[in-house]
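Computed from the coordinates by the stated procedures, all read-outs in this text should not be read as laboratory data. These numbers were taken from a predicted model, which means no experiment stands behind them. Virtual Cβ from ideal backbone geometry, glycine too; neighbours counted across all protein chains shown.
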Amino acid sequence: MGYRRRRVLPGFGISLGYALTYLGLIVLLPLAALAWKASALAPDGWLQLLSAPRTLAALKLSFGGALLAALFNAGAGLLVTWVLVRYRFPGRRLLDALVDLPFALPTAVAGIALTAIYAPNGWIGQYLSALGIKIAYTPAGVLVAMIFVGFPYVVRTLQPVLETLDRDVEEAAESLGATRLQTFLRVIAPTLVPTLLTGFALALARAVGEYGSVIFIAGNIPVRSEIAPLLIVQKLEQFDYAGAAALGTVMLGFSLLLLVVIALLQRWSGRWAERAA
Amino acid sequence: MSAPPMVRPLSWRHRLLRGALVALVMAFMAVLVLLPLAAVFVEALGKGAAAFRAALVQPETMSAIKLTLLVAVIAVPLNLVFGVAAAWAMTRFQFRGKALLGAFIDLPFSVSPVVAGLVYVLLFGAQGWFGPWLSDHGITIIFAVPGLVLATVFVTLPFVARELIALMQAQGSEEEEAARTLGASGWQMFFRVTLPNIRWALLYGVLLCNARAMGEFGAVSVVSGHIRGLTTTMPLEVEMRYNEYDYMGAFAVASLLGLLALLTLVVKVLLEWRYGDELAARGH
Amino acid sequence: MTLELSRLHRRYAGFAALDDVSLRIEPGEFLALLGPSGSGKTTLLRILAGLDYPDSGSVRQNDRDLLAVDARQRKVGLVFQHYALFRHLTVAENVAFGLRIRPRKSRPGRAEINERVQRLLKRVQLEDLGKRYTSQLSGGQRQRVALARALAVEPDLLLLDEPFGALDAQVRVALRRWLRNLHEELGLTSVFVTHDQEEALELADRVAVMNRGRIEQIGTPEAIYQQPATPFVCEFIGKNNRIPLQRANGVLTGGQRQLGADPWPGNAVGAAIGYVRPEHLQVSSAPSADGWAAQLRHIYLAGGVAHLELDVPALGQVLEADMSSDEVAQRGLQPGQSLGVQPRLITAFPLGAQGEADAAARHVLQPQAAL
């Protein structure tokens, strides 16, 4: 006698149904609208849009800047995480809590604050401009803002891994005669690589699409210091919906690509953790 | 967990290196994080407490605050219910496409806020999919409060869900199964067993969701229309004053948001400290 | 209240957790499901509890289709392997849970619930711990809370999933005795799952030995031990010496000694496998016609029993024989001595062409002592 399997716990239908409906209405339907509107642009329209100097410059600034910022964050983040996890010093807990500030601070607030600091007459900017270095209203300002927003991603991704790193392996290496540097490079660093890459990718994803923190410090001059999201906003204001949609699709495509990469990285680092265990 | 830290005598060179690194990191964090935070408050109070008060008491500030609160009060509970439903489905049942569902839940995190606002304009704007239908029925979504709510819901969707999924996955379903064998109905099981076990993670998720909801700028800016007094939230108000060169006014409103950020951080640290093992996911 | 499980099948991705399992559970009996991990015993238990469903097969309780009944209505008490106590409730609240959630009509009054809870706590010897939280209890105490909680709803069937698995050896033994007494007191039909054969053989009225989703043998502990029905049961229960045998010309031989007539006349020549328990190996001062020459390698003394490790060149393997420590002392046995060893009871199975044993053709030989 056959018997149809039933679900043991109740509520499957209602919970999945609600979640899917909600998700479909809030996320999937609007994204479909994006794809639809973007498809309204003919292929040569796409070509025209993407090869326009303004678009290219905006994409270069957003992607290139995000890349540089994420690279910087990877290095700085590693250092900060190392110090936070490995060393004991007064104010460590405060420092740890501060790492989350860029997460918690609204982007517009961060934007005007960063501008106040790095403008030519700003807190730090005034000394830098005396040396001939300009940050605010130039691509360098964009970089600073992107570093600010992406920083916590690297630290918070690395921290749990560094905290649970098995010290036995390090001690074994040292007992075999390795110096601290050798131990770091040969034993610790390899296990951190997948996680560092994940943090890097997360910081990158955040910085590419960043808007609020950047537009105040950026200068926003077309072709010179205009980020891609701002270009989308400009196109909307000029009722170039197809163009805005197309550009939005490009950014969305990149976001999705990064999502996949991050998922793969997390699987890789998961497997690494099993091997190391 | 890792073994206890090695205790061994450090050479003076070692100590010097450590000290230098600590100092470097502290200086870096001071410049990167502390300075901007300080700048918000210093610039706000720069012209004295009286000017600060005056900037805040303006009617635009009041309506911006009210609108921000309204949007949060609608968006956060909506995402709370979604988070609970999604976590229940994902962690208590086996079904195909789970990974895909998880990816869709994470999607708003990786999308630029401007794109988030854009998609709603394309859906409900005058030229959007439903544009004509909406205007025929006299409903406005874009450039009105509903649009703000939708955009905020989109951007803050994953917060509660992710916290709960991580925790409920780690906790397992044994207690709920035990409740069933003891005769509990679905709702009895949910309110007497499930909810008490996830309450701190729920609070944590709501906290993060709320902080983002109140502080959201990019997505809201696109759908808002910047109509002073009607569709201007606090972050938008900051931008508008800044663009009008009312720097002190901008920082005054920004300082309120800064206070919110600090409060969020304090509660976050408190929750992590007291209920760390009931939160599953630590610090992000 | 008889439970009839019939032809249950359950597959998980790729492997069979239950492979055509049929079982009848008598009212009031204490049944053990014994087997290694992956044998399907926990799956069977969860199906009884309503926390899992078979792919095919039926479970009937007094002619009622139990599979059609939701876990909530089955009146089954389940004690989970890791207790599954409600961590945010006190001990007393945990035990009272099943009573508090009853619909208003059938719910006892608050005073009565409290009284019942106290009675149960007393029975599991935790009466002073009612206000504690479960995280403040030891493993053994938590186990008893879980049991009290399951008993509070007065189930028809009590299921225990590896009840003592996570406990220290001493606690385990004490709780074992206590559980047996409780069962005798309550007379509740109980099924418990374990991988510990000592536990199963000591506690249960009947033991079902399971392996790879099948029931190898069901019987009383004595029957399982004295008359193992399959090679798996021979090897899993107690200690057993495994001896390769040969069949030729109507005679069964092992290690070039004739052990008896070939019990399976069908195929003239073939192989077989024989199992001899250590207590059924007789050790003599010299080799005899019905046994093998052996050299005593080592003597392990375990209290009153001595385990002798004997090297048998004819078989090319080491056999283990048991005798009382007194006898070892009396006979002055020492490692290095040359002795003889004779099997007195052999459980034998013929082997097929690919070396698989035929459990149905099991035969027990009792080679007589040479007079």
**Asked** For C:ALA361 and C:ASP63, what is the calculated FRET efficiency with R₀ set at 30 Å and r taken between the beta-carbons, to the nearest 0.05?
**Response** 0.25
**Prompt:** Any idea how far apart A:TRP268 and B:LEU259 come out in nm if each label point goes 7 Å out from Cα toward Cβ?
**Reply:** 4.7 nm
**Item:** Inter-chain Cβ neighbour average for residues B:230-236, partner chain, 10 Å
**Value:** 2
**Request:** Calculate I(q)/I(0) for the range A:31-187 by the Debye formula, one identical point scatterer on each C-alpha and no solvent, and give its log10 at q = 0.13, 0.15, 0.16 Å⁻¹ to two decimals.
**Result:** -0.86, -0.99, -1.05
**Prompt:** When all alpha-carbon pairs of chain A are counted, what percent fall beyond 26 Å?
**Reply:** 57 percent
**Asked** What do the square roots of 5 times the Cα gyration tensor eigenvalues come to for the range A:201-253, in whole Å, largest first, as semi-axes of the equivalent ellipsoid?
**Response** 18, 16, 8
**Spin-label zone in the range A:61-98 - amide nitrogen under 17 Å from a point set 7 Å from the Cα of A:ILE133 along the C-beta vector** = A:69, A:72-73, A:76
**Complete:** Once the in-chain neighbours fewer than 8 apart are removed, the lysines whose Cα is under 18 Å from C:LYS131 read C:LYS122
**Request:** Select from B:ASN210, B:LEU182, B:PRO235 the residue farthest towards the positive end of the dipole of the protein assembly as shown; place +1 on Cβ of Lys and Arg, -1 on Cβ of Asp and Glu, and compute about the Cα centre.
**Result:** B:PRO235
**Item:** Cβ crowding within 10 Å averaged over residues, with C:143-152, C:242-251, A:221-230, C:213-222 ranked highest first
**Value:** C:143-152, A:221-230, C:213-222, C:242-251
**Prompt:** Where does the longest stretch of chain B lie that holds no trypsin sites (Lys or Arg not before Pro) found in a DSSP loop with 16 or fewer other Cβ atoms within 10 Å?
**Reply:** B:97-227
**Request:** Can you give me the P(r) profile for the range C:270-319? Cα pairs, bins 5 angstrom wide beginning at 0, each as a whole percent.
**Result:** 5, 16, 26, 30, 13, 7, 2, 1, 0
**Asked** What FRET efficiency do you get for C:GLU222 and C:LYS131 if R0 is 45 Å and r is their Cβ-Cβ distance, rounded to the nearest 0.05?
**Response** 0.50
**Request:** Please give the helix C:139-152 orientation as an angle from the longest Cα principal axis of chain C, in degrees from 0 to 90, rounded to the nearest 10.
**Result:** 60 degrees
**Request:** Name the residues whose placed amide hydrogens come within less than 5 Å of the amide hydrogen of C:HIS298, ignoring near sequence neighbours (fewer than 5 apart) on the same chain.
**Result:** C:GLU309
**Prompt:** Equivalent-ellipsoid semi-axes (√(5λ), Cα gyration tensor) for the range A:147-236, whole Å, largest first?
**Reply:** 42, 12, 9
**Asked** Under a straight-distance cross-link criterion of Cα-Cα below 20 Å, which aspartates and glutamates are reachable from C:LYS239, leaving out those fewer than 8 residues away in the same chain?
**Response** C:ASP196, C:GLU198, C:GLU199, C:GLU202, C:GLU216, C:GLU222, C:GLU279, C:GLU309, C:ASP311, C:GLU320, C:ASP322
**Request:** Mind putting together the pair-distance distribution for the range B:151-201? All Cα pairs, 5 Å bins, whole percent per bin, short to long.
**Result:** 4, 19, 24, 19, 14, 10, 6, 3, 1
**Item:** Kyte-Doolittle at least -0.5, axis length at least 18 Å by Cα - qualifying DSSP helices, chain A
**Value:** A:65-86, A:139-163, A:189-208, A:241-276
**Complete:** For the range A:126-208, the dipole about the Cα centre with charges only on Cβ (Lys and Arg +1, Asp and Glu -1), to the nearest 20 debye, works out at 500 debye
**Request:** With no solvent and one equal point scatterer per Cα, compute the Debye intensity ratio I(q)/I(0) for the range C:1-91 at 0.24, 0.25 Å⁻¹ and report its log10, rounded to two decimals.
**Result:** -1.38, -1.46
**Asked** Could you name the aspartates and glutamates in cross-link range of B:LYS98, using Cα to Cα under 17 Å and dropping any fewer than eight places away on the same chain?
**Response** B:ASP106, B:GLU163
**Asked** What's the long-distance tail for chain C, i.e. % of Cα pairs beyond 30 Å?
**Response** 51 percent
**Fill in**
Taking Rh as the Kirkwood radius computed over alpha-carbon pairs of the range C:177-280 and applying Stokes-Einstein at 4 °C with viscosity 1.567 mPa s, one gets a diffusion coefficient in µm² s⁻¹ of 81 µm²/s
**Message:** Using the Cα centre of the protein assembly as shown as the reference point, and only Cβ charges (+1 on K/R, -1 on D/E), how large is the resulting charge dipole? Debye, rounded to the nearest 20.
**Reply:** 1520 debye
**Relative contact order for chain A, counting Cα pairs under 8 Å that sit 6 or more residues apart, in percent** = 29 percent
**Item:** Rough spin-label spacing in nm, given labels placed 7 Å along Cα→Cβ, for B:GLN58 and C:GLN246
**Value:** 10.7 nm
**Prompt:** At a Förster distance of 56 Å, what's the computed FRET efficiency of C:LEU301 paired with A:ILE188, Cβ-Cβ distance as r, to 0.05?
**Reply:** 0.65
**Message:** What do you get for trypsin sites (Lys or Arg not before Pro) in the range A:80-136 restricted to DSSP loop and a cutoff of at most 10 other Cβ within 10 Å of the site's Cβ?
**Reply:** A:ARG88
**Request:** Report the paramagnetic label zone for B:ASP277: residues of the range A:158-189 whose backbone N is under 18 Å from a point 7 Å from Cα along the Cα-to-Cβ axis.
**Result:** A:164
**Exposed chymotrypsin sites (Phe, Trp or Tyr not before Pro) absent - longest run of chain B, DSSP non-H/G/I/E/B, at most 13 other C-beta within 10 Å** = B:96-244
**Average Cα contact separation per residue, the range B:130-279, under 8 Å, 6 or more apart, as relative contact order %** = 31 percent
**Message:** Bin width 20 Å, origin at 0, all Cα-Cα pairs of the protein assembly as shown: what percent of pairs per bin?
**Reply:** 12, 31, 29, 19, 8, 1
**Message:** In the range C:199-240, whose amide N lies under 12 Å from the spot 7 Å out along Cα-to-Cβ of C:ASP19? List them in ranges.
**Reply:** C:211-216
**Item:** Neighbour-limited loop hits for chymotrypsin sites (Phe, Trp or Tyr not before Pro), the range A:204-273 (at most 16 other Cβ within 10 Å; DSSP other than H, G, I, E, B)
**Value:** A:PHE239
